[in-house]
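Asker: My structure is below; once you've seen it, I'll send some questions.
The values are calculated or read from the model by the stated rules, or taken from the named source; none is laboratory data. Remember, predicted model here, so these are calculated numbers, not experimental data. Virtual Cβ from ideal backbone geometry, glycine too; neighbours counted across all protein chains shown.
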Amino acid sequence: VQEARSVIIDALNISLCTVIFIICVYAARHYWFTFNRLFGLQRHPYVDIDTANWPRVTVVIPAHNEQAVIGHILEALLQTNYPEGKLVIMPVNDRSTDGTRAIIDDFVRRYPGRLRPIHRDSGKPGKGAALNVATALIDTQIMLIFDADYIPGRGLIRQLVAPFFDPEVGAVMGRVVPQNAGANGLTRLLDLERAGGYQVDQQARMNLDLVPLYGGTVGGLRLSALRSLGGWNPDSLTEDTDATFRLVLGQWKVVYQNRSECYEEVPEKWHTRVRQIMRWAKGHNQSLFNYVIPIIRAKHIPFSRRVDAVLLLGVFLIGPLLLVGWVLSLIFFYAVPGVSQGLVILLAFTAYTGLGNLAVFFQIACAGYLDRSQKRVLLLPFGLLSFVVNLVSISIATLQQIMSPIFRGGYVWHKTERFRT
Amino acid sequence: MNNLGGPLLLFAITGLWFSLALVPSIIEWSRRTDATPLRVEQENEGDIRHFAYRFREYLEHQFDRGVRRSSGVGRTTDRTPFRVMTTKLDPVLTPSEKKRCLVRTLLLIYCQTELPPDITFAHDMYAAENISCGDRDIFRGLLGDKNVTLGEGCVVSRWMHARRSILAGPNCTLYGRLSSDRIIRLSAPSVFQRMNAAAIVFDEGGPPLNIKTDQELDRSHETIENVIDRWLIKGDIEIPTGATLNSNVVASGDVRIGEGSRITGSVKSNGNMFISDSVVIVGSIVSASDLTIGKNCHLMGPVIAERKLLVGERSRLGTSKYPTSATARRIVINSGCVAFGTVWAKERGEIHSEIVRYETQAA
């Protein structure tokens, strides 16, 4: 019995050490990115291209029951300064049952020759499937994608196309800014989260020539790159993340343009937010399962980029890992007599909790500083609330994935609810 | 009860003590002083002429509200003092301005004018006719509806835009934005940052190059669309002298392109890039580090260097039909070059009177 007990304690020890190590790696990564944004060399190599022979580009707007917002984005796209003859606007009405179709048809009538709509009445649901249908009909080399709730500014299309003059660039991602930031407490917290994610995380990865994530909207892809990789993955819940890692494996670069900003709408209700983050977690874990080994083995990709890609793939596993770490430390504290055995581990975990958890908050505070919006940073302590909600939601999503036929498709895609009136 | 009271009080005081740290958060949560969306400039097109357009709008707004266009002085609706010149007889400077060599009023000039030297114009200025600036004048901003001529050693601190031409004398320092709807001609030596014009001539501007064909020019706008082959190279690459290439080239190391080569696609180097003399590249050129361009080259697509860009004498960037952009942290352009479109030095751009050549670490 004594021996078995010793083995269990050793196993717990090793598990907790592993959890702490992984989480510390992520904490260090947060600090590294944040300090890079504060003190490092900032890379914006393509933002200055304001004059060029702009190529023809197709802007795809997947729209499933988007009657509240679709008109706004079409109006905004028609006002951009991209040469009219080189801009194809392609709204994809994806099995909508509301007034989306009528609104699109009205725009087609009012602006003859400017829009090339697609009405999809059947077929596989989900954005990936809709994008595959659209991609097959695109006759330009560059495609940009906007979610229907986005409102692009006048110069945004040029800014997002400019990086494609670099023949190594396969995908471009711009910055997303919540337009309904002040709607309620949740949107204010999400506004902070988004700022940390884009202003610090994405831009730092761009600065360090690592792997910025193509987020599926306010961005675009080079069609020859996408087609060489086999098109969109319709089985993925996050086709954007999936495309990012396939591009990296195919030796294409994904670049981030921090100054190419666009308004979006963030969830105003907690249940919508929970559903959104659970979908992200499942889709991201799906990509982890599919691409972590190929990325590790891809010797043609520089080591630093591979490490970053692996850490990026595992980012949604941190929630469940943190929970496991907490449970293990509690077991150590209450169930193992002679706490001294695990004291060092316990101290390490406490140190991490004091410093590591703060890494994300430090990153968000830095984003507030860079955005010159210091007052909203005062809400940071309330970020603990969304931190816990995210932690639980992501952990449940991961558990559901483990319990279901593991990582083999068959996911149900839920559309994110819109709140604009 | 007494036994419980002590710990409860301690708990309450501790809780209160800790919650003090949350007071600023609670105040911001309830008062919502910073709850508006972050500002995204929906109308901002990143246009170099942004300040010029805004200044023109400002003037038109003022004229709509009674600011006169006849000679004299006055104040705008926002209490800015202004002075209008309509004939050459109107004095450019008041006695006190002449004494201090400083003009703080908004100058609106409706006649052909020559400005005196060594004056600082601390307010934006408008010139409806040709304007010739004195040596060593300093401008905050100037909007010219015709030609603007800058004397030797002039400084532009924010912006300058001319509907026709800007001709700058030697030793000018042109910070901020310099734009013209037709031509900018700089003299060596000078310093610049961001410029845009149908043609930017660096010093004399050499004779037209005889190394392009109309077919190549017409294909330049199709580069992204047509060239889909990618030649990936691990490490450095040297493209031999006189080579012809119809492909995009991406190298993880340095790139050296031999003299007289012609490349229809684009070239990307993740290290330094060295382009020899008389090279024609129809697509774009991107260097993650330094980019050195030899003399008599013709680069038709965008030119991007993340560090330094050196352009050899008599090279051409873009074409009059298809203008382009050249951007780097530091740019040195030799005499005789012509750029069609934008030249944007993030930190500092220079044109030297003597020929500058860099040795690169390219293979």
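Asker: As an exercise: evaluate A:Arg222 against (1) of a type in the set (Lys, Arg); (2) under 22 Å from A:Asn36 (Cα atoms); (3) touching a helix residue (DSSP H, G or I) at 6+ places or on another chain (Cβ under 7 Å) and give the number of the one condition it does not meet.
Answerer: With respect to (1) of a type in the set (Lys, Arg); (2) under 22 Å from A:Asn36 (Cα atoms); (3) touching a helix residue (DSSP H, G or I) at 6+ places or on another chain (Cβ under 7 Å), A:Arg222 is out only on (2).
Asker: Filter segment B:217-237 down to the residues that are modelled with pLDDT of 50 or more and more than 25 Å from A:Ile138 (Cα to Cα), then identify the one that is farthest from the other protein chains (Cβ to nearest Cβ).
Answerer: Selected residue: B:Asp236.
Asker: Taking segment A:356-389 as the search range and keeping residues that are closer than 24 Å to A:Thr272 by Cβ and away from every other protein chain (no Cβ under 14 Å), which one is modelled with the lowest pLDDT?
Answerer: Among residues in segment A:356-389 that are closer than 24 Å to A:Thr272 by Cβ and away from every other protein chain (no Cβ under 14 Å), the one modelled with the lowest pLDDT is A:Val360.
Asker: When both residues are 6+ apart or on different chains and their Cβ atoms are under 7 Å apart, which pairs have a first residue that lies in segment B:1-30 and is farther than 19 Å from A:Leu192 by Cβ, and a second that is loosely packed, with under 10 Cβ neighbours inside 10 Å and modelled with pLDDT under 85?
Answerer: Cβ pairs passing all conditions: none.
Asker: Cβ contacts < 9 Å: first residue over 21 Å from A:Thr100 (Cβ atoms), restricted to segment A:135-158; second residue in a helix (DSSP H, G or I) and among the β-branched types (Val, Ile, Thr), any location; separation 6+ or different chain. Result?
Answerer: A:Gln141/B:Ile224; A:Ile142/A:Val161; A:Ile142/B:Ile224
Asker: Considering each residue of segment A:257-279, count those that are of a type in the set (Phe, Trp, Tyr) and either out of contact with any Phe, Trp or Tyr (no Cβ under 8 Å at 6 or more places or on another chain) or surrounded by fewer than 18 Cβ atoms within 10 Å (Cβ to Cβ) (or both), and give that number.
Answerer: 1
Asker: Given the condition surrounded by fewer than 21 Cβ atoms within 10 Å (Cβ to Cβ), among the small types (Gly, Ala, Ser) and touching a strand residue (DSSP E or B) at 6+ places or on another chain (Cβ under 8 Å), answer yes or no: does some residue in segment B:295-318 qualify?
Answerer: Looking for residues that are surrounded by fewer than 21 Cβ atoms within 10 Å (Cβ to Cβ), among the small types (Gly, Ala, Ser) and touching a strand residue (DSSP E or B) at 6+ places or on another chain (Cβ under 8 Å), one finds none in segment B:295-318, hence no.
Asker: Could you please tell me which pairs satisfy a Cβ distance under 7 Å, a separation of 6+ or placement on different chains, a first residue in segment A:1-13 that is under 15 Å from A:Ala335 (Cβ atoms), and a second residue that is of a type outside the set (Ser, Thr, Tyr) and in a loop (DSSP other than H, G, I, E, B)?
Answerer: A:Ile9/A:Val336
Asker: I'd like to know if segment B:193-206 contains one or more residues that are farther than 30 Å from B:Val282 by Cβ and part of a strand (DSSP E or B).
Answerer: No, every residue in segment B:193-206 fails to be farther than 30 Å from B:Val282 by Cβ and part of a strand (DSSP E or B).
Asker: Let me ask something additional. Name the residues in segment A:208-232 that are under 18 Å from the mean Cα position of the chain (by Cα), more than 14 Å from every other protein chain (Cβ to nearest Cβ) and either within 21 Å of A:Tyr150 (Cα to Cα) or surrounded by fewer than 23 Cβ atoms within 10 Å (Cβ to Cβ) (or both), would you?
Answerer: Within segment A:208-232, A:Pro212, A:Leu213, A:Tyr214, A:Gly215, A:Gly216, A:Thr217, A:Gly219 qualify.
Asker: Which of the strands (runs of 3 or more DSSP E) found entirely inside segment A:135-240 contain at least 1 residues meeting this: of a type in the set (Gly, Ala, Ser)?
Answerer: Once the strands (runs of 3 or more DSSP E) in segment A:135-240 are filtered for at least 1 residues that are of a type in the set (Gly, Ala, Ser), what remains is A:169-178, A:219-222.
Asker: Also: Please determine whether any residue of segment B:20-40 is at the interface with chain A (Cβ under 9 Å from one of its Cβ atoms) and loosely packed, with under 10 Cβ neighbours inside 10 Å.
Answerer: yes
Asker: For segment B:45-96, give me the residue count where each residue is small (Gly, Ala, Ser) and in contact with a Leu (Cβ under 7 Å, 6 or more places away or on another chain).
Answerer: 1
Asker: Name the single residue that is farthest from A:Glu84 (Cα to Cα) among those in segment A:162-185 being more than 20 Å from the chain's Cα centre (by Cα) and in contact (Cβ under 8 Å) with a residue 40 or more places away in the chain.
Answerer: Result: A:Gly185.
Asker: Of all residues in segment A:104-127, count the ones that are out of contact with any strand residue (DSSP E or B) (no Cβ under 6 Å at 6 or more places or on another chain) and surrounded by 21 or more Cβ atoms within 10 Å (Cβ to Cβ).
Answerer: Selection size over segment A:104-127: 1.
Asker: When residues of segment B:323-339 are filtered for being among the small types (Gly, Ala, Ser) and within 13 Å of another protein chain (Cβ to nearest Cβ), how many remain?
Answerer: Matching residues across segment B:323-339 total 4.
Asker: To continue, here is another question. For B:Val155, all conditions in the list (1) buried (at least 24 other Cβ atoms within 10 Å of the Cβ); (2) within 18 Å of the chain's Cα centre (by Cα) hold save one; what is the number of the exception?
Answerer: Going through (1) buried (at least 24 other Cβ atoms within 10 Å of the Cβ); (2) within 18 Å of the chain's Cα centre (by Cα) one by one, B:Val155 breaks only (1).
Asker: Filter segment A:61-105 down to the residues that are over 25 Å from A:Gly155 (Cα atoms) and outside any loop (DSSP other than H, G, I, E, B) and list them by number.
Answerer: A:Asn93, A:Asp94, A:Thr100, A:Arg101, A:Ala102, A:Asp105 - these are the residues of segment A:61-105 that are over 25 Å from A:Gly155 (Cα atoms) and outside any loop (DSSP other than H, G, I, E, B).
Asker: I need the full set of residues from segment A:29-60 which are of a type in the set (A, V, I, L, M, F, W, C), in contact (Cβ under 8 Å) with a residue 12 or more places away in the chain and not in a strand (DSSP E or B), in order please.
Answerer: A:Trp32, A:Phe33, A:Leu38, A:Leu41, A:Val47, A:Ile49, A:Ala52, A:Trp54
Asker: Also: Report yes if some residue within segment A:111-127 is in a loop (DSSP other than H, G, I, E, B), aromatic (Phe, Trp, Tyr) and either at pLDDT 95 or above or within 25 Å of A:Asp94 (Cβ to Cβ) (or both); otherwise report no.
Answerer: There is at least one residue in segment A:111-127 that is in a loop (DSSP other than H, G, I, E, B), aromatic (Phe, Trp, Tyr) and either at pLDDT 95 or above or within 25 Å of A:Asp94 (Cβ to Cβ) (or both).
Asker: Please go through segment B:1-40 and give me each residue that is part of a helix (DSSP H, G or I) and either under 30 Å from A:Gln159 (Cβ atoms) or among the basic types (Lys, Arg) (or both), ordered by number.
Answerer: B:Arg31
Asker: While we're on this one: If I filter segment A:61-75 down to residues being over 25 Å from A:Arg222 (Cα atoms) and crowded, with 21+ Cβ neighbours inside 10 Å, which single residue comes out as farthest from the other protein chains (Cβ to nearest Cβ)?
Answerer: Among those residues, the one meeting the criterion is A:Glu66.
Asker: Name the residue, out of A:Pro91, A:Pro45, that is touching a Leu at 6+ places or on another chain (Cβ under 8 Å) and not aliphatic (A, V, I, L, M).
Answerer: A:Pro91
Asker: Looking at (1) within 13 Å of another protein chain (Cβ to nearest Cβ); (2) farther than 30 Å from A:Val218 by Cα; (3) surrounded by 15 or more Cβ atoms within 10 Å (Cβ to Cβ), which is the only condition B:Arg56 fails?
Answerer: The single condition B:Arg56 does not satisfy is (1).
Asker: Pairs please, first residue from segment A:76-95 and away from chain B (no Cβ under 12 Å), second anywhere and assigned to a strand (DSSP E or B) and polar (S, T, N, Q), Cβ atoms under 6 Å, 6+ apart in sequence or on different chains.
Answerer: Note: pairs meeting the criteria are A:Val88/A:Thr58; A:Met90/A:Thr58.
Asker: Please work out which residue is farthest from A:Gly219 (Cα to Cα), limiting yourself to segment A:128-142 and to residues that are surrounded by fewer than 22 Cβ atoms within 10 Å (Cβ to Cβ) and within 14 Å of chain B (Cβ to nearest Cβ).
Answerer: This residue is A:Asp139.
Asker: Within segment B:60-163, which strands (runs of 3 or more DSSP E) (wholly inside it) include 2 or more residues that are touching a residue at least 60 places away in the same chain (Cβ under 8 Å) and within 25 Å of B:Leu186 (Cα to Cα)?
Answerer: B:138-144, B:155-162
Asker: On to the next question. Going residue by residue through segment A:45-60, is there one that turns out to be more than 14 Å from chain B (Cβ to nearest Cβ) and either among the basic types (Lys, Arg) or on the phi < 0 side of the Ramachandran plot (or both)?
Answerer: Among the residues of segment A:45-60, at least one is more than 14 Å from chain B (Cβ to nearest Cβ) and either among the basic types (Lys, Arg) or on the phi < 0 side of the Ramachandran plot (or both), which makes the answer yes.
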